């Protein structure tokens, strides 16, 4: 490696650390982050593995990692530090991928999911890049390194169900490459092959047992297991185009996105990685068909990135399609840089959620030592700032403080009639203070009821808003009411 390349990589690394550090300092963790921290803090490990994770639908690795700082009684902000450190490890692995052109290595770290959404916003998905980069480092020789390959697949499966799907796609590609004669196991000791296969199969069976769908899951009725093909195709198109261009909804931009997709597909075909692209994308779709939200677009982004880096790592003579593909990639990079800039700027100047301000206000005034009631699932966001369950009307003020997704949860769902009946019962208990979350549309019912109760007055509003890419996605406000009579 030349001195110039070492300088470029060092500058890239320092700049990336600075960007992520800024994000960690200014970011306010929201619901998903709070729930993970509370599970890691409050759930006994045995119960977490055998009971709680089935309701979350997530493998245990992320919670076990967070359990270290949480059970050492480190501050809640430690979740951001943990996520940032994992993101930094991923970038270190990326910068060390010598087969990948240096231009790709220094441009990728500042994309939206690498520099912000899956790093500053702390979720298990931050584990995807280092694991995929590890797989990429040994991909061309994974037949000779079957045990490291199997361990990385197990790690990928521990990220989420999407990770399980990706690992399954990579296993299928491994088998196909064996059949095509690209890989050979004849020179590998048989015990290694058996051990590697046993690791993957056994881990898959264990996850299937741990994450079985509970019969009393409150949202069980809304889980779509029909695997609608048209929905999956729509998700695939959406996830692809929204990772390539800033706005992929307007008709003219849809045409541009289609042309970009065709150019990219032709380039991947020429680079002989179209099979990886199709198989891995297709592997994600059954999970996406069951549950998909905008946050999951990043998993498709990292899948695309894996295939693109694999293509770039295979030297080939120049071709006219290369220029078109590079233009597409530069447009995509511009989109991601814009999202990173906008998201960080928003987090610097505005509250991502009002929960931190609300928790600070409650603690500073000693209200947490009184009877505080809550209403609205977003109230979970306040819980990690206190060592105990803040809300006396949730689990009777006892541990655990994380949200219960079972039908045993005493807080009502989105049924207005049940919400009104429940609020009437809460008022009879005459709590000193009442916190209302206004993050979900159904929470408006709580707010409407609260404002019409003359026994309580609005004490303070704590404002925030969930930001997604380049626009406000959802308000995350909290209102604190005090009993006056």
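The values are calculated or read from the model by the stated rules, or taken from the named source; none is laboratory data. The shown structure was predicted, so the numbers you read here are calculated from the model rather than taken from an experiment. We place every Cβ from the backbone using ideal geometry, glycine too, and count neighbours over all the protein chains shown.
Quick look at the numbers
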item: The one condition in (1) within 26 Å of residue 277 (Cβ to Cβ); (2) part of a helix (DSSP H, G or I); (3) modelled with pLDDT of 95 or more that residue 159 fails to fulfil; result: (2)
item: Qualifying residue in the range 175-185 (condition: assigned to a helix (DSSP H, G or I) and either closer than 30 Å to residue 343 by Cα or in contact with a helix residue (DSSP H, G or I) (Cβ under 6 Å, 6 or more places away or on another chain) (or both)); result: no
item: Output for the range 443-458, where each listed residue is in contact with a helix residue (DSSP H, G or I) (Cβ under 9 Å, 6 or more places away or on another chain) and farther than 13 Å from residue 423 by Cβ; result: 458
item: Any hit, the range 244-260, residues being in contact (Cβ under 8 Å) with a residue 12 or more places away in the chain, crowded, with 18+ Cβ neighbours inside 10 Å, assigned to a helix (DSSP H, G or I) and more than 21 Å from the chain's Cα centre (by Cα); result: yes
item: Residue in the range 463-484 that is closer than 16 Å to residue 380 by Cα, more than 26 Å from the chain's Cα centre (by Cα) and surrounded by 14 or more Cβ atoms within 10 Å (Cβ to Cβ) present; result: yes
item: Index of the failed condition, residue 430 passing every other in (1) in contact (Cβ under 8 Å) with a residue 40 or more places away in the chain; (2) under 29 Å from residue 77 (Cα atoms); (3) out of contact with any helix residue (DSSP H, G or I) (no Cβ under 8 Å at 6 or more places or on another chain); result: (2)
item: Verdict on residue 368 being part of a helix (DSSP H, G or I), without any contact (Cβ under 8 Å) to a residue 24 or more places away in the chain and over 28 Å from the mean Cα position of the chain (by Cα); result: yes
item: Conditions (1) buried (at least 18 other Cβ atoms within 10 Å of the Cβ); (2) at pLDDT below 95; (3) under 30 Å from residue 119 (Cα atoms); number of the one not met by residue 446; result: (3)
item: Number of positions in the range 42-66 that are assigned to a helix (DSSP H, G or I) and more than 18 Å from the chain's Cα centre (by Cα); result: 9
item: Among (1) touching a helix residue (DSSP H, G or I) at 6+ places or on another chain (Cβ under 7 Å); (2) surrounded by fewer than 18 Cβ atoms within 10 Å (Cβ to Cβ) - the single one residue 310 does not satisfy; result: (2)
item: Total residues in the range 98-132, condition outside any helix (DSSP H, G or I) and surrounded by fewer than 19 Cβ atoms within 10 Å (Cβ to Cβ); result: 3
item: Which listed residue, of 233, 223, 176, is exposed (fewer than 15 other Cβ atoms within 10 Å of the Cβ), under 19 Å from residue 284 (Cβ atoms) and touching a strand residue (DSSP E or B) at 6+ places or on another chain (Cβ under 9 Å); result: 223
item: Test: residue 135 is surrounded by fewer than 17 Cβ atoms within 10 Å (Cβ to Cβ) and part of a helix (DSSP H, G or I); result: no
item: Tabulated pairs, the range 301-324, first free of Cβ contacts under 8 Å to residues at least 40 places away in the same chain, second assigned to a loop (DSSP other than H, G, I, E, B), C-beta under 6 angstrom, 6+ apart or interchain; result: 307/273
